[in-house]
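Input: a single structure, listed below in structure tokens.
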Amino acid sequence: MLVLAGLSLSGCVGLAVGAGATVGVAASEERGIRAAANDTAIRAEINNYWLQHNVDMMQKVSLQVHEGRVLLTGVVQTSQHRSDAARLAGQAAGVVEVINEIEVADGGGVGEFAQDTWISTQLKARMIFDEQVQSINYSVETVRGIVYLLGVAQSQAELDRVTDIARNLSYVRRVVSYVRLKGDPSRPRA
């Protein structure tokens with residue numbers, strides 16, 4: 001009986017540790033725990049809208065949420081799909097802004113996806129190991145060689161550093177930043 005109780009509690013411990021780690025990460029972010037939780041709720045609501053509308057939408061469109069700002073990226077086949085994704089995203093409670101960077105084109109295939117994943121992975125790794133960058137405050141998405149950044153930079157120098165790192169990676173065609181500076185309530189430049 002004690003063994004069974006111990007086994008069932010071990011699952012609870014794992015869940016508690018995972019939840020604790022998530023809260024710890026959120027607390028370390030510039031946006032704080034409350035904003036991170038709000039962003040998670042926004043993401044869930046948008047995913048629900050997309051799932052109800054068109055299952056394909058969840059597969060073709062990526063979404064990053066930071067401080068209620070929603071960045072949509074990906075490749076869809078029609079402009080109607082592009083506008084539907086943005087319209088549905090804007091309906092979620094707490095959305096402050098929808099940034100629609102979805103491209104209308106034929107999908108690039110596995111090779112392009114792998115290359116984009118490589119770019120994002122390289123950028124995230126370099127940011128993590130750069131002592132002058134608080135990487136936890138950034139979201140990175142790469143589509144067709146275009147790197148999209150969203151988040152909060154501690155300073156213009158930090159943002160410039162992240163942008164330079166991204167620009168100097170192989171296969172990067174362009175870097176688009178939607179990062180705002182810490183303490184600056186104004187919206188970032190595209």
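Kindly indicate the residue of the stretch 164-179 that is among the hydroxyl-bearing types (Ser, Thr, Tyr) and out of contact with any Pro (no Cβ under 6 Å at 6 or more places or on another chain) and also nearest to Glu67 (Cα to Cα) among those meeting that condition.
Ser177
Hey, among the residues in the stretch 165-180 that are of a type in the set (D, E, K, R) and in a strand (DSSP E or B), which one's surrounded by the fewest Cβ atoms within 10 Å (Cβ to Cβ)?
Going through the qualifying residues, I end up with Arg174.
Answer yes or no as to whether Val162 is touching a residue at least 40 places away in the same chain (Cβ under 8 Å), surrounded by 14 or more Cβ atoms within 10 Å (Cβ to Cβ) and on the phi < 0 side of the Ramachandran plot.
Against the criterion (touching a residue at least 40 places away in the same chain (Cβ under 8 Å), surrounded by 14 or more Cβ atoms within 10 Å (Cβ to Cβ) and on the phi < 0 side of the Ramachandran plot), Val162 does not qualify.
Being touching a helix residue (DSSP H, G or I) at 6+ places or on another chain (Cβ under 9 Å) and of a type outside the set (S, T, N, Q) is the filter here, so list the residues in the stretch 100-110 that pass it.
Once the filter is applied, which keeps residues that are touching a helix residue (DSSP H, G or I) at 6+ places or on another chain (Cβ under 9 Å) and of a type outside the set (S, T, N, Q), the stretch 100-110 yields Ile102, Glu103, Val104, Gly107, Gly108.
Which residues, taken from the stretch 135-158, are surrounded by fewer than 20 Cβ atoms within 10 Å (Cβ to Cβ), in contact with a helix residue (DSSP H, G or I) (Cβ under 8 Å, 6 or more places away or on another chain) and under 17 Å from Leu181 (Cβ atoms)?
Result: Ser135, Ile136, Gln154.
For residues that are in a loop (DSSP other than H, G, I, E, B) and β-branched (Val, Ile, Thr), scanning just the stretch 90-133, find the one that is nearest to Gln59 (Cα to Cα).
Ile102
Look at the stretch 71-81 and say how many of its residues are buried (at least 21 other Cβ atoms within 10 Å of the Cβ) and in a helix (DSSP H, G or I).
Matching residues across the stretch 71-81 total 0.
Values quoted throughout were computed directly from the atomic coordinates according to the rules given, and no laboratory measurement underlies them. Since the model is a prediction, treat every value here as computed from it, not as a measurement. Please note: Cβ atoms are built from the backbone with ideal geometry, for glycine as well, and neighbour counts cover all protein chains shown.
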